There are 2 protein chains.
Amino acid sequence: MNVYMDYAAATPLDPEVLAAMKPYFSDIFYNPSSPYAPAVKVRRDYEQAKSTIASIIGAKSGELTMTAGATESINLAFGAYEGHIVTTTIEHPAVISAAKLHDCTLVEVDPKGRVNLDDIEKAIRPDTWLVSVGLANSEIGTIQPISKIATVIEKTRADRLANNNKTPIYLHTDASQGAGQLDLHVARLGVDMMTLNAGKVYGPKQVGCLYAARSVRLKPQIVGGGQEAGLRSGTENVAGVIGMARAMTIAYERRDSEVRRLAELRDILQKALAEKFPDSVISGHPKHRLASHLHIAFPGIDGERLVFGLESRGVLVATGSACAANKGTRSHVLKAIGLEDSVADGSLRLTIGKHTTRQDIDDAIKAISEVVSSEAERTR
Amino acid sequence: MNVYMDYAAATPLDPEVLAAMKPYFSDIFYNPSSPYAPAVKVRRDYEQAKSTIASIIGAKSGELTMTAGATESINLAFGAYEGHIVTTTIEHPAVISAAKLHDCTLVEVDPKGRVNLDDIEKAIRPDTWLVSVGLANSEIGTIQPISKIATVIEKTRADRLANNNKTPIYLHTDASQGAGQLDLHVARLGVDMMTLNAGKVYGPKQVGCLYAARSVRLKPQIVGGGQEAGLRSGTENVAGVIGMARAMTIAYERRDSEVRRLAELRDILQKALAEKFPDSVISGHPKHRLASHLHIAFPGIDGERLVFGLESRGVLVATGSACAANKGTRSHVLKAIGLEDSVADGSLRLTIGKHTTRQDIDDAIKAISEVVSSEAERTR
């Protein structure tokens, strides 16, 4: 018996997605830049896949630059201009690392992991060209008020116009987490740039893109043959992009019912564990939180021992984010929301996904209860 | 009937390679950074694949940085240091574009497409930190004397030591073309950096790597979670790298017999066309040339019309390189080897590969003869 509860770290490729990719591996494998008809068909299919992705986020295909995953997309976004960047203390390491290549301000979040609009506004300087806030946090699942942040950006633009400050200002969101659960419509969100990642929505790994509105002038980080309108050279990952389009379409079509299903399952899990362990601490926003996420800490207990104890019972979970997990450092997110070390160290990130069943939830409740109890016994 | 003769532009994914990749799509899809045993196995398999690739080129796994294809690998190599770069006029657009971000000298080549050692030596300045020469040219197939160029680099190092010039100098080769046909052993070649591309050896597209000797200090171009020893962040393309290792292993094991087979087939094709069309011009080095490549021009005839005429007869070929093909510009390589425009414009690049049969060659000879004759008739 294996219960996988680490969907935030990686999702299995959907067999439907693999089926969509397959013809492009060995049958119509042509270089989309080649001149003959079968290659022209590949080019057309590739562009069609981009259009599909674009339409899901309410954008035009020409506004997407396909990248090798979210990290490259973020680096491309952040490399567009020189100048000051505002982001938050709980972003993914890719965002924080890319921001730190610039002069940057990391805005703090509240104990639920939400950023305050006033804090964003205060952090914006006359030379700030980018505000980047993740759509949802990968560790605690908190969803940010992106469309409200967009109004702050709008206001800043109006002020700059009035003050004859010609510095452009853009809003970027890393939508890697929660892309299968949240509205991604760029106009409704009010973002100028958005990072997407196929690998988090049952698509292929190392496939992603950056949406950038036409007003943003991206600067290519990888130069060469001039693919992706010169913004990202290299022979196109045709199968990968076809797969991403299929994965995002599936996620989009099933989003509402899947979110309801996940929330119901997650709430059963949360309720059972909270009742069983009244001292446990649940992180993330109670309402504005991904339906897939339950971040729960058992104070005084060693989270790593929990992970291995659960593994021996066939339940696969994470402590903190996978990116930080193998570095032996405490999660910067938990620190940012003010979780004490003794609490943070006893935390599990349980993230469920489309293959999670009610049986999995029951099995997980049983396994977690046993392991936490036995660890509590041991450390008493 | 389809005869594919554009293996230099793209190769079909080997079914054996796809089979090797497949478990990592939906079964063991785990994030290699996750802590539980199935993910640790994925990490181990990933590292094993890197070791396999490394051992084929006589390197250590820690000297490889996996990238999304050759273009990114080249950009990573060229971004390592500031300073002057020497390369040639016939390199792939990725090399030339990356070089042009620096102060650079493009060394000319002889009419066979070979670079002259003296010219390299003369182009090296006291502040030159990188010499980059492609192992084999993608358009005309000419193979460069890399190990001899390495002796020039060695000499430069000795001179610099004597003159107390502390600028390091490195030799990089883009081995994307010919990786399935040539010795890739980095010590025998004498290179400090090498770019490899899975997509050219029946592996997945957008998978490649940069070999860099320990003495080279690469500068990450994509920052984030710290994967690839901090040199290239982003969740690893596990299936892709597993596929690349398999593809390179197959290519390596069958190299000698395959090169003989390809050379024999190519020579039949070349002889037949040269006899049929005595005015035709064959480019590339007669001896130091990839066995897969035949670049042949029919002066006064429109190469694009040939491509489409051949396509209607089921033979898929290229004019110039695929990267340049859809831009309506003349190939910079043909210009560099001094081919007159009227000759260059009538050229075909015929590249064969592992699925090419003797029957394909005969069919191609027949189709090319017919199409060229009919075009010659038309333009008379």
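The values are calculated or read from the model by the stated rules, or taken from the named source; none is laboratory data. Keep in mind that this is a model prediction, so the values were computed, not measured. Reconstructed Cβ throughout: ideal geometry from the backbone, glycine too, with neighbour counts over all protein chains shown.
Test each condition in (1) of a type in the set (Gly, Ala, Ser); (2) surrounded by fewer than 17 Cβ atoms within 10 Å (Cβ to Cβ); (3) closer than 22 Å to A:Ser138 by Cβ for A:Ser292 and report the one that comes out false.
(2)
Quick check, is B:Gly226 at the interface with another protein chain (Cβ under 9 Å from one of its Cβ atoms) and surrounded by fewer than 24 Cβ atoms within 10 Å (Cβ to Cβ)? Write out each step before concluding.
On the way: at the interface with another protein chain (Cβ under 9 Å from one of its Cβ atoms): yes; surrounded by fewer than 24 Cβ atoms within 10 Å (Cβ to Cβ): yes.
When the stated conditions are applied, B:Gly226 passes them.
Could you list, in sequence order, the residues of segment A:109-143 that are within 20 Å of A:Ser73 (Cα to Cα), of a type in the set (S, T, N, Q) and assigned to a loop (DSSP other than H, G, I, E, B)?
Selection gives A:Asn137, A:Ser138.
Every residue in segment A:97-136 that is under 21 Å from A:Asp192 (Cβ atoms), of a type outside the set (A, V, I, L, M) and touching a residue at least 40 places away in the same chain (Cβ under 8 Å), please.
Listed by number, the residues that qualify are A:Arg125, A:Pro126, A:Asp127, A:Thr128, A:Trp129, A:Ser132, A:Gly134.
Out of segment B:220-275, which residues are assigned to a loop (DSSP other than H, G, I, E, B) and either on the phi > 0 side of the Ramachandran plot or among the small types (Gly, Ala, Ser) (or both)? Step through it out loud before you land on a result.
First pass over segment B:220-275, keeping only residues assigned to a loop (DSSP other than H, G, I, E, B): B:220-227, B:231-237, B:254.
Once the filter is applied, which keeps residues that are assigned to a loop (DSSP other than H, G, I, E, B) and either on the phi > 0 side of the Ramachandran plot or among the small types (Gly, Ala, Ser) (or both), segment B:220-275 yields B:Gly224, B:Gly225, B:Gly226, B:Ser233, B:Gly234.
Yes or no: segment B:243-258 includes at least one residue that is touching a Phe, Trp or Tyr at 6+ places or on another chain (Cβ under 6 Å) and under 29 Å from A:Leu13 (Cβ atoms). Break it down into steps so the answer makes sense when it comes.
The initial filter retains those residues of segment B:243-258 that are touching a Phe, Trp or Tyr at 6+ places or on another chain (Cβ under 6 Å), namely B:247.
Now drop any that are not under 29 Å from A:Leu13 (Cβ atoms), which leaves B:247.
Yes, the conditions are met somewhere in segment B:243-258.
If the requirement is being without any contact (Cβ under 8 Å) to a residue 60 or more places away in the chain and either touching a Cys at 6+ places or on another chain (Cβ under 8 Å) or closer than 24 Å to A:Thr319 by Cβ (or both), which of these qualifies: A:His92, A:His84? Steps first, answer last, please.
Values: A:His92 fails: without any contact (Cβ under 8 Å) to a residue 60 or more places away in the chain.
The match here is A:His84.
Is it fair to say A:His102 is more than 9 Å from chain B (Cβ to nearest Cβ) and over 16 Å from A:Glu228 (Cβ atoms)? Steps first, please.
Details: more than 9 Å from chain B (Cβ to nearest Cβ): yes; over 16 Å from A:Glu228 (Cβ atoms): yes.
The answer is yes for A:His102.
Here is a yes/no grid of residues against (1) away from chain B (no Cβ under 13 Å); (2) touching a helix residue (DSSP H, G or I) at 6+ places or on another chain (Cβ under 8 Å); (3) under 29 Å from B:Leu231 (Cβ atoms):
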position	(1), (2), (3)
A:Ser61	yes, yes, no
A:Leu64	yes, yes, yes
A:Glu72	no, no, yes
A:Ala94	no, yes, yes
A:Ile120	yes, yes, no
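Give just the number: which of (1) crowded, with 24+ Cβ neighbours inside 10 Å; (2) more than 9 Å from every other protein chain (Cβ to nearest Cβ); (3) closer than 16 Å to A:Leu135 by Cβ does A:Ala49 not satisfy?
(3)
Within segment B:197-218, work out how many residues are assigned to a loop (DSSP other than H, G, I, E, B), away from chain A (no Cβ under 11 Å) and not β-branched (Val, Ile, Thr). Let's see the steps before the verdict.
Kept after step one, since they are assigned to a loop (DSSP other than H, G, I, E, B), are these residues of segment B:197-218: B:201-207, B:213-218.
Remaining after also requiring away from chain A (no Cβ under 11 Å): B:201, B:213-218.
Filter again for not β-branched (Val, Ile, Thr), leaving B:213-215, B:217-218.
Of the residues in segment B:197-218, 5 are assigned to a loop (DSSP other than H, G, I, E, B), away from chain A (no Cβ under 11 Å) and not β-branched (Val, Ile, Thr).
Can you find even one residue in segment B:329-345 that is in a loop (DSSP other than H, G, I, E, B), within 17 Å of the chain's Cα centre (by Cα) and either not assigned by TED's automatic domain parsing to the domain that holds B:Gln177 or not small (Gly, Ala, Ser) (or both)? Spell out the reasoning first.
Going residue by residue through segment B:329-345, those that are in a loop (DSSP other than H, G, I, E, B) are B:329-331, B:337-340, B:345.
Okay, now just the ones that are also within 17 Å of the chain's Cα centre (by Cα), so B:331.
Narrowing the set further to residues that are either not assigned by TED's automatic domain parsing to the domain that holds B:Gln177 or not small (Gly, Ala, Ser) (or both) leaves B:331.
Yes, there is a match, as at least one residue in segment B:329-345 is in a loop (DSSP other than H, G, I, E, B), within 17 Å of the chain's Cα centre (by Cα) and either not assigned by TED's automatic domain parsing to the domain that holds B:Gln177 or not small (Gly, Ala, Ser) (or both).
On the basis of being assigned to a loop (DSSP other than H, G, I, E, B), within 11 Å of another protein chain (Cβ to nearest Cβ), of a type in the set (A, V, I, L, M, F, W, C) and in contact (Cβ under 8 Å) with a residue 24 or more places away in the chain, does B:Leu13 make the cut? Outline the logic, then answer.
Working: assigned to a loop (DSSP other than H, G, I, E, B): yes; within 11 Å of another protein chain (Cβ to nearest Cβ): yes; of a type in the set (A, V, I, L, M, F, W, C): yes; in contact (Cβ under 8 Å) with a residue 24 or more places away in the chain: yes.
For B:Leu13, the condition - assigned to a loop (DSSP other than H, G, I, E, B), within 11 Å of another protein chain (Cβ to nearest Cβ), of a type in the set (A, V, I, L, M, F, W, C) and in contact (Cβ under 8 Å) with a residue 24 or more places away in the chain - is met.
Just need a number here: residues in segment B:173-198 that are of a type outside the set (Lys, Arg) and over 16 Å from A:Gly224 (Cα atoms).
If we filter segment B:173-198 for residues that are of a type outside the set (Lys, Arg), which is where we start, we get B:173-187, B:189-198.
Pick out the ones that are also over 16 Å from A:Gly224 (Cα atoms) and you get B:178-187, B:189-194, B:198.
Number of matching residues: 17.
Condition check ((1) within 14 Å of another protein chain (Cβ to nearest Cβ); (2) crowded, with 24+ Cβ neighbours inside 10 Å) across all residues:
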{"position": "B:Tyr30", "(1), (2)": "yes, yes"}
{"position": "B:Arg43", "(1), (2)": "yes, no"}
{"position": "B:Gly69", "(1), (2)": "yes, yes"}
{"position": "B:Glu82", "(1), (2)": "no, no"}
{"position": "B:Asp110", "(1), (2)": "no, no"}
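Assuming A:Gln359 fulfils every condition listed in (1) away from chain B (no Cβ under 14 Å); (2) in a helix (DSSP H, G or I); (3) touching a Leu at 6+ places or on another chain (Cβ under 9 Å) apart from one, which condition is it?
(3)
Which one of these is within 22 Å of A:Lys200 (Cβ to Cβ) and within 11 Å of chain A (Cβ to nearest Cβ): B:Phe25, B:Phe78?
Result: B:Phe25 is the single residue among B:Phe25, B:Phe78 that is within 22 Å of A:Lys200 (Cβ to Cβ) and within 11 Å of chain A (Cβ to nearest Cβ).
If you scan segment A:241-282, which residues turn out to be touching a helix residue (DSSP H, G or I) at 6+ places or on another chain (Cβ under 7 Å) and of a type in the set (Gly, Ala, Ser)? I'd like the intermediate steps shown before the answer.
Filtering segment A:241-282 for residues touching a helix residue (DSSP H, G or I) at 6+ places or on another chain (Cβ under 7 Å) gives A:241-250, A:252, A:265, A:268-269, A:272-273, A:276-277, A:280-282.
Correct list: A:Gly243, A:Ala245, A:Ala247, A:Ala272, A:Ser280.
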